[in-house]
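Data first, discussion second: the structure below is written as C-alpha cells.
The values are calculated or read from the model by the stated rules, or taken from the named source; none is laboratory data. Predicted model, so just to flag it, every value in this text is computed and none were measured. When we count neighbours, we look across all protein chains shown, and the Cβ atoms used for this are built from the backbone with ideal geometry, even at glycine. Surface areas here come from the heavy atoms of the whole protein model, side chains and all, with no ligands, DNA or RNA. Shrake-Rupley method; radii C 1.70, N 1.55, O 1.52, S 1.80 Å.
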Amino acid sequence: MMMSYGFYDMPPVGPLGIAATARGICYLGLGEEGVCLADMQRRFAGASLHRDSECMESWAGRAIAAWQGQQSIPPLDLSRGTAFQRTVWAALQEISFGDTRSYAAIARQIDRPSASRAVGQAVGANPVALLIPCHRVIAADGGPGGYHWGVGIKKKLLSIEQEPFRNVS
C-alpha cells in the first residue's frame, strides 16, 4: 500500500499528521510529527510511506473544513479495518458535532447491546481522528473515558465543539 503523508498545525487543536492512499484519507492523528509518524508506521506496517506535504496540504484543509462542518467529509480509505470496526466507525460518524454518546449507546445502535467493550476497542482503533469522531464517545458515567491522543486533547475537542466556530482562529 502506497501512502502519502504530511504534518500541519491546526489551531486551536494543535499539530496533526495526515496520510492518504489513492482511495482517500487513511490516517489523521493529533500530535507532534514524531508521535504521528510512529503511530502511522505501527498502524500501517509494511506500507510504503512517502512524505508529500504539498499534496497533503489540500487533504488537511478538506479534513479540517469537514470537521468544522463547512463541507462534507472527504473520501476515506478504511480498508484496514475489520467489518465490526467499520460498523462502529460508521455509527460514530452519525454523532452530531457538539454531541456525545456512551460506548453502551453505540453498542445498542449497532444492535450489539452486550458489545460495549468491543465497541471501545473499535473506537480506540480508529485511524482517522476528527472525521470519525471517536472523541465524542464518553464513559457511561459521563466522564471522558479514554482517548488514543490523550484525555486532555479529548476534553479540548469537546470544549471546542461547544463553541461556535466563528470564535476559532
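Checking Leu49, Leu131 one by one, the residue that is touching a helix residue (DSSP H, G or I) at 6+ places or on another chain (Cβ under 9 Å) and part of a strand (DSSP E or B) is Leu49 and no other. In this structure, Gly69 does satisfy being out of contact with any His (no Cβ under 7 Å at 6 or more places or on another chain) and open to solvent by 50 Å² or more (accessible area, probe 1.4 Å). For the stretch 134-157, the set of residues classified as among the aliphatic types (A, V, I, L, M), in a helix (DSSP H, G or I) and open to solvent by less than 40 Å² (accessible area, probe 1.4 Å) consists of Leu157 only.
For the structure I just gave you, tell me whether Leu37 is of a type in the set (A, V, I, L, M, F, W, C), touching a residue at least 12 places away in the same chain (Cβ under 8 Å), within 19 Å of Asn126 (Cβ to Cβ) and open to solvent by less than 10 Å² (accessible area, probe 1.4 Å). Considered against the rule, which asks whether it is of a type in the set (A, V, I, L, M, F, W, C), touching a residue at least 12 places away in the same chain (Cβ under 8 Å), within 19 Å of Asn126 (Cβ to Cβ) and open to solvent by less than 10 Å² (accessible area, probe 1.4 Å), Leu37 comes out as no. Taken as a whole, the condition of being under 12 Å from the mean Cα position of the chain (by Cα) and open to solvent by 60 Å² or more (accessible area, probe 1.4 Å) does not apply to Gln121. Exactly one residue out of Gly61, Gly98, Gly69 is part of a helix (DSSP H, G or I) and either more than 13 Å from the chain's Cα centre (by Cα) or modelled with pLDDT under 95 (or both), and it is Gly61.
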